[in-house]
Every structure is written in structure tokens, then in C-alpha cells.
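Notes follow once the structure below has been shown.
The values are calculated or read from the model by the stated rules, or taken from the named source; none is laboratory data. Since we're looking at a predicted model, the values are computed, not measured. Using ideal geometry, Cβ is built from the backbone for each residue, glycine included, and neighbour counts are taken over all protein chains shown. Please note that ligands, DNA and RNA were not included when accessible areas were found on the heavy atoms of the full protein model with its side chains. Shrake-Rupley method; radii C 1.70, N 1.55, O 1.52, S 1.80 Å.
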Amino acid sequence: MLRLIARRLLVSAVLVLLVSLLTFLLQAAAPGDTARTILGDHYSPEAHRLLAHRLHLDEPVLVQYAHWLGQALRGDLGSSPISGLDVGAEIAGRLPVTLSLIVCTTTVTAVLGVALGVLSAVRGGRIGRAVDLVSLIGYALPGFWLALVLVALLAVAVPVFPATGYVAFADAPAGWARSLVLPVATLALPGIAVFAKQTRDAMLEALSRDFVTTLRANGASRASVVLRHALRNAAIPVVTLVGLTSVGLLSGTVFVEAVFAMPGLGGLAAQATTQHDIPVIQGVVVVFTLVVVAVNLAVDLAYARLNPKVRVP
Amino acid sequence: MTELPSAVRRHRPAPMVRTVLRRPAALVCLAYLALLVLASLAAPWLAPHGPTATDLDHVLTGPGAAHPLGTDNLGRDVLSRLMYGGRPSLIDAAVAASTVLVVGAGCGVTAGFLGGWFDRVFSWAVDVMLAIPVLVTLLVVLAVVGDHQVLAMAVLGVLVSPGVARVVRGATLAVRQELYVAAARVSGLGRRHILVRHVLPRVAGPVVVQVSLFAGGALMIDAGLSYLGFGADPPTPTWGNMIADAAAVTDRQPWLLAPPGVVLGLAILACGVLGDAVRDAGAGRSTTATPPAPRSRPSRSRASRPRKGTSHPPVPASRTDSSPALLSIHDATVALPGPHGMTTVVEGVDLDIGPGETVGLVGESGCGKSVTGRAILGLLPGRGEITEGSIVFDGTELVGADPRTVRALRGRRIALVSQTPLTSLDPVIPVGGQIAELVRRHHGGTRRAARARAVELLRAVRVAEPEHVATCHVHELSGGMAQRAAIALALAGEPDLLIADEPTTALDAGVRAEVLDLLRQVQRERGLAVLLISHDWKVISRMCRRTYVMYAGQVVESGPTADLLAHPRHPYTAGLLASAPGRAAPREPLRAIPGTVPAPHEWPPGCHFAARCALATPACAAAAVPLLEPAPDRGTRCLRHTELGKGDDRDRATAVRS
Ligand code: SF4
């Protein structure tokens, strides 16, 4: 168990290094001149030289990377050459929005998906076919398009929910919830189907195992066999899905935050990309990677709790 | 070229393309995708208007004669823009998909085929890369290189490759380990030859599935990027920026969202369905690759079996004592769903168990012993059902009874101990918890009382340190310990009848004796009746006073165990006894029975044993053999049982049943 966590942390460290290095190398290989971009109208060869020196742009790329890394480890992600804002502060301000989206979506997805999966494993028939249909739709509908349609229906045509924006939880919990309904619905739809299918398969597998026969033969109630025994066994493969879907979810936030004009990290990434604001997007990549790492770690711990074979003796 | 072993050639896959094309859904999807490609290629000739031709007099018209799909906020024809806009989307998706094909599938096949260090490095790299947030990394690329969408899609392909590569590697590994590649390697074929001729064709299916599913995702991401403004610059249409344009005027003309969204959604759907179709076709092919099964026989004709209806004389009491049976099975016939439709797997079984009696049920595996046990509990697999006969437990008819009646008996009156203790307990809940759950279910009480009772039960089945074992998970226990726990579980409801289905088969010889002793002790202490299902004569002779022998779904012989061992009245029993390795003093030289048990759908109309019987005569195969009674308390389904027991004076009694 401890070894598992250690291994995961090691992989994570490598991953973060790799991703940040990759973005650095890309940036170095790219045409364009950051110092020149920043100077804009104030360009003069002398100013350019000074600024480039100050930003370490005149040094080899690996040295630049070492500088960035050293500062990043101290929590300093640099500042945006476009807006001049501190990247770390900018990200910290926007993180709650994206985290709200991710946490709510994951909860909704897992709860509804597992419930549907269990239902279709036990009842089969019509519910099973409905799950198949929803999963096809969830797979095929582009999230940002679905978001726009939801806005057209539930924010413009029948104004039930706000079309755009985000309300901080601390300001107004109800407003926070209302502002999240449409984005979360958009993000959750494809995931629900994935969870439902996986849960159904895992449940059917669990229900066909020997111990289910033994328990039923010796009088365990149907509800207990399904919900206590089969579901706990089925949860083991399903939990790993949370890790896999969270990566996709982060991609989804980029589109969804753009559609709903939510001041989160995904929107920041899109905006930074448009402006070629490298330090900002680099910071977002690192933070997103850390989120994935954290989710995977949580999944590992949950996995170990559910599966006694992994637990420390 | 080296000739392949014939086994190798026979397993060549049937052409997959044909299998896929036979599916209507796949055809529709292919047709739709082809239509999209054609329409976007031919847009300059087919489109009714230019993609950027504005007409400010007719903006946001909605569908109409002049503009079949309406016009946008600049009066541009939506249909024409859709056609022109298809080209970049499709090209981008193709770029991404080809990248995945080359990088992902390539690495996967290589890693799976080569194995060794390459495979280890590969697996590690995949682990790391699977956690990269794809889209944001893609945005970094776009931020650096500018709006270069083709390059971005190639990068997308690389980023997604690890997931695809992992699946493909698994498929390659499976193929590599299959017999025929091993055979090809032995026969001295070169690696490249094996790869090209044998591995690649078999891996092609999974690769196509993965790439096809991904192509759908690529279409979606491509449109998304272009919606965000990273695609072709306006006014050049793409599906993504058409959606963005439509979004700006949702309040005035929501219709505009529909055309690009639906076209795009259907394209993604087509990729997905196509992938599924290829996967299903692959699954279908592997089943058709097995030799064609013998023609399915309709459910056994009732006439071919001796009918024992209402006019039939009462069942002779095979039990010696005259007290009413606790369990009485009469003429029970069970059908299970199988590859040949509903198939009769147990036929006309008669079996009685008295209170506190231990009765054996012997036979080779596949004879219907376990199914008989499950039928009593009403736990037949799938849609299995008891098609005929009756099962009476303590005066209650169970066949056709309300499911609740049977359910109420489980655990409280009839319990089950099954073969493999390590899989017959829930692996994720401590054994004590499982026993306590059943204790509470049957007797109520507090959680704490139930837990205490569970420990007590574990102590009763002679588990050392029952308090500790109660907190263990099944994988922490030895086989013998787990089987004791399983017996404790079965005793939780204090049943009257225990069905023990091969309770010692999976155990080591030493432990086997202990568990048998335990079963006997429990049986005596609690006055339990036990139906002991086994194929081991040693177990049967040690435990059971009376025994039933099953062969191919029928009880072929029954009687007191000692009598049956000494004077078998059926050639099958005799052969089984002679083959039994555990038999103490074989009176005849060991001789195995030739052949194997016929599968249920292959049962002959006459004696089921005829094909393997040394004594068989034409009369045996002519008609179903009824259950004869050669002596009091004895039953046999052999027409020539007298030949077997020659010299035995009890042979003269040949009362004929039916
Ligand atoms: S009935 Fe005939 S074929 Fe069947 S067991 Fe007896 S002798 Fe053999």
C-alpha cells in the first residue's frame, strides 16, 4: 500500500517534470520573441537586450527551465507578459471555480451512473436499452454544443438558470448551485453513460460469482446480495474510472467554461492560448496535472479501501 | 514459404470487412461518412451558394426554399457553409486518426510482440502519459505555434496514443500467446513473417475499433477548438465556428445551432457505431472459428422417456425407515438455457432424504448432480427451470410454488456448502461479517449479538482463534479454514437439510479428512440431513448410508452404500468403482470406462450409457430404460443388471417399475 503510494508519487513527479519541460521546449522551438512581444511599441535593441536578460531569455533553454522550476517549487509561477499579473495569484483566484465544476460533476456522474448501472444489471430489459441509448448520445454529442443548446432552452427560451457566469459559494450558496446546474449537466452526460455501462458489466460479473450463489442459497436477502455484496465487489473496477474520466473532465472544462463564461482555469487556458501568453498556460498545465495526480492518488486510496487484497496486512 | 501446420491454417480469420458489412448499422454509418466526404470534396460544384457569399437582405431566415437550411446572421447559406466546412474537420480528424494509427497502434503492437525491456519501458511511459491533461497540453502547442490546427491534431494523436497503445498491446499479447503463433514459431517461421501473416491480421480488429472510436473524439475536439477560435479564421467556415456564430444569435434564431451540431454529432456517432460493429464482428468471428457444433436437438421429446404420470404406482420407498421423507424429489426434470436452446440436463430424477439422514449423490462431472442440488434451492442458473416432476420439502411442494416460499426456506431450512471455499465467500467483506449478516437475517437481534453468534459458529466448526478469523477476509484464510467458515455460514440459519456440493474436492488430502469429520460431527450434533454431492467414492462410503449414482442427467442406480459398493447393479457404477483410485481393495483389476459423458443435447433416446457400455445390446438403445428394482431398496436403469451381479442370490428379485 505504502509502496503503491510511493510509486504513484514518483510517477507523478516525473509526469509534472515532463509536462513542464515539454512546454518549455516547445516554447523555445517556436518562432516568435517573447521580449519583443512584451515591448511592443517600446521596442529598441537596447531595451530588448535588457528585458531578454532579465527574463533569462538569453540563456540556454535548459538553464531557463531550471530557473522556472526553482521558482515554481517555491510557489512562484512567474507573471504574465501580457497582463503583468502574477500567474500563481491568477490561478489561485480561479481554481475554486474549476474545482467546483469537477467535484460536482464527478459526484453527479458517479452517483447517477452507478445507480443506472445497478438498475440495468438487475432489471435489464428496458433500462438496459435506455442506458445503451444514453451512452450513445453521450458519446456523440459535442459537449460545447450541448451546452449551447441547454442555454438556448433553459436560459434563453425558458429562463430557469443563468446563461453565463459563476457565483462564489461563499457569496450565495443557492446562486452557486444555480450557476453550476447547466455546466455540470453538460459535463456529466457523457460520463454518466460510461459509468452506467461499466457498473452494469461489473455488477453482472459480480452477480455471476460463486459467493452470490452461496449467499442466496443460505438466505441472504436480494437487496443485501445486490447492494452490499455485489456492489462492493463491482465498485472496485468502477472506482478506477473516476481517475480516467477526471482527465477528460479537465478537457471538458475548457469548453464549458468558455460557453458559460465562467472565470475558471479552463477559460484562462483558452484566453492565454489566444494571447500566446506562455507563462499563464504553463501554469495552468502544471496545476491541471497536479489535479490529475491528486485525483489518481485519491482513487488509489479508495481502491485500497475497497479491495482488501491491496490493504496493508 | 514454409507450409503451416494445419491447425494454424484453420484458424485464419474470415475476412473481417465482409462480416462488418453484413451489419446494417455499420453500412448506414459508412454510407453517412462517405456522404460527408463526398459532399465536402464536391462542395465547390454542388453547393448552391458560395461559403462566404453574404446576403444582408435575407439574414437568419430559417429553413426555406431558397436556403434549405436557412441563412446565418450575415445571410450566408447554411447548407453551403456546412459542405465547405466539412473539409477541414474531416482532414483534421483524419490526421489525428492516422497519427494514432502509426504511433499508438505501432507502439502497442511492437511492445506486445517484442515484450522484454521495450515492453517494460513502454508500460511505464503509458502510465505516466495517461495522466497528461490532453486538451490543455494541446492549448500549449497552439499557444506556441499559433493557429496551426493540422499540427495540433497530430499532437492530439500523439497524446491519445498511450491509451490506444495499451489496448492494442493487450490484444497483441493475447494473439502471441495463442497456440497457433507458438506453433508457427516452432515450425521455424521468421519473426517478420509471424508478425505480418499472423499477428497483424488478428490485431487489426482491435486497432480499427480504437482508431474509429478515437476519430469520433477527434472530430469533437477539432470542432471545439475551432469553436474557441483556434481553427480556420472567419469567414472561412468550419463546423466549429459555425456553432460559435450560431451561439451569438441564439436568442434570435436558435435553429442555427441545429445543422452543424447534428451533422457533427451524427459523424461522431457514425465513428462510434462503426467501431462497435467492428468489435462485435470480431467477437462473432472468434465464436464461428470453433468447429461447427452438432445440430441442435429440440428439447427432448417427452415420449422418448418412460412417462410416470398420475396413473403411475407410488414411488417405492427407497429409504429403509418408514418415517416421511424430509425431502422427496420425484421425476424431476430440469432444463437450462444453453447454446442449443433450452436443453434438458436432468431427467426424471427420484431422490429421497429422511430427517437427519446423509445421502450421497455420485457421478462424473457434467452428470447433473450440482444442477439437482441447485434445483432444490430454486437457484438454477439463467432462465433454467424445473419442467416436470415435483420436489416436496417437509410437506411443501416447491415446484411451481411462489418464489417467496422457496426463498423463505433458504438458509433457515435448506443450506448450501459449495465446492471452492475461496470463491464461495464474498472476498471484500470479513467472514465474520458475512456470517453475522445471515444470523441477523434468520434470527434478528442486535449487530453485536449476531457478531458474537458468528464467532460461536466459527468455534463450533472448530476454527482455531475464531475471534481473529471472524475479522479476516477470505483470501487471508487457507482452503480448509475457508471451508469451515463456509460451513459456519451455512449453519447460521440452523437448517434441517445441508446440500454439500463437492465440499472437499478443492482441498488437500489431509484437510479433506478433517472437513469430512467436521461435517459428520455437525450432522450428528444437529440432526442435520445432508445431501452429499461428490465424485469420490471414499468420501461417499465414509459419510453416506444411502447413495444415488447419476449418469447423463439420470439416476442410474440407487441403494444402501455398502450394498451398492459390494454389488453394483449398473455397469456405470461398476466401472466408476473400478476406476476409483481411492478404493481400498478393488475386487477387479482397475478398468476405466472408455469414452466420455455425452453432452445433454446428445443424449440417445435409449440407455444413456449405451455408447460406453460393454454389455450393450440392440435392445438397450431401442427405448428409454425405466428404473428397475432388482432388490428391495435397490434401483437400477440397466436392462442387463442380472449379468453384473451373477452368483448373487439377491438377483432374482426383479420387480419392474413403470
Ligand atoms: S441398459 Fe444396456 S447399455 Fe445400458 S447399462 Fe445396461 S447393459 Fe449397458
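Quick notes on this one:
- Other residues within the sphere of radius under 15 Å centred on the Cβ of residue B:365, judged by their own Cβ, net out at -2 (K and R +1, D and E -1).
- Residue range of chain A that is longest and free of chymotrypsin sites (Phe, Trp or Tyr not before Pro) which are both DSSP loop and sparsely packed (at most 16 other C-beta within 10 Å): A:170-313
- Listed residues B:267, B:372, A:225: farthest to the positive end of the dipole of the protein assembly as shown (Cβ charges): B:372
- The angle between the Cα long axis of helix A:87-123 and the main principal axis of chain A comes to about 20°, on a 0 to 90 degree scale.
- Legend: residues A:240, A:106, A:98, sorted from most to least accessible area (1.4 Å probe; ligands, DNA and RNA excluded), read A:240, A:106, A:98.
- Within the accessible area of the protein assembly as shown (1.4 Å probe), percent carbon and sulfur: 63 percent
- When only alpha carbons are used to place a centre, region A:92-132 and region B:44-105 end up 34 Å from one another.
- Rolling a 1.4 Å probe over the protein heavy atoms gives the protein assembly as shown an accessible area of 44 Å² per residue.
- For region B:454-540, the square roots of the Cα gyration tensor eigenvalues, ordered a ≥ b ≥ c, give a/c of at least 1.5 with a/b no greater than b/c, which places it in the oblate category.
- Relative to the dominant Cα principal axis of chain A, helix A:278-306 is inclined by about 20°.
- Neighbour net charge for residue B:246 - beta-carbon separation under 15 angstrom, K R +1, D E -1: -1
- Over all projection directions, the Cα-based convex hull of the protein assembly as shown averages an area of 51.6 nm².
- Taking every residue in A:142-155 and counting other chain Cβ atoms within 10 Å of its Cβ, the average works out to 6.
- Isolated Cys in the protein assembly as shown, by beta carbon distance under 4.7 Å: A:104, B:29, B:107, B:271, B:367, B:472, B:544, B:613, B:638
- Rounded to the nearest 10 degrees, the inclination of helix A:61-73 to the longest alpha-carbon principal axis of chain A is 60 degrees.
- Accessible surface buried once A binds B (1.4 Å probe; total of both sides; Å²): 5700 Å²
- Separation of region B:410-463 from region A:239-284 is 51 Å, based on Cα centroids.
- Based on DSSP H segments of at least four residues, each scored -39500 (n - 2.57), the protein assembly as shown has a per-residue ellipticity at 222 nm of -18000 deg cm²/dmol.
- Considering only the protein assembly as shown, percent of DSSP beta bridges that pair antiparallel, nearest 5: 60 percent
- Loop trypsin sites (Lys or Arg not before Pro), region B:322-430 (other Cβ atoms within 10 Å of the site Cβ: 14 or fewer; DSSP): B:383
- Partner shielding of A:244-252 amounts to 4, given as the average count of beta-carbon atoms from other chains within 10 Å of each residue beta-carbon.
- Most to least packed among A:2-12, B:35-45, B:268-278 [average Cβ atoms within 10 Å]: B:268-278, B:35-45, A:2-12
- Region B:209-231 and region A:163-179: distance between their alpha carbon centers, rounded to Å: 31 Å
- Shielded residues, region B:215-235 - accessible-area loss of 10 Å² or more between chain alone and all protein chains, probe 1.4 Å: B:220, B:221, B:224, B:227, B:228, B:230
- For region A:193-286, average projected area of the Cα convex hull in nm²: 8.0 nm²
- Shielding by partners - mean other protein chain Cβ count within 10 Å, residues of A:218-229: 6
- Selection from B:333, A:106, B:24, by position along the positive dipole direction of the protein assembly as shown (Cβ): B:333
- Rg/Rh, computed from the Cα trace of chain A with Rh as the Kirkwood radius, has the value 1.07.
- Rg and Dmax of region B:327-562, both derived from C-alpha coordinates alone, stand at 17.4, 50 Å.
- Using the Cβ of residue B:379 as centre and a radius below 13 Å, the other residues enclosed give a net charge of +3, where K and R count +1 and D and E count -1.
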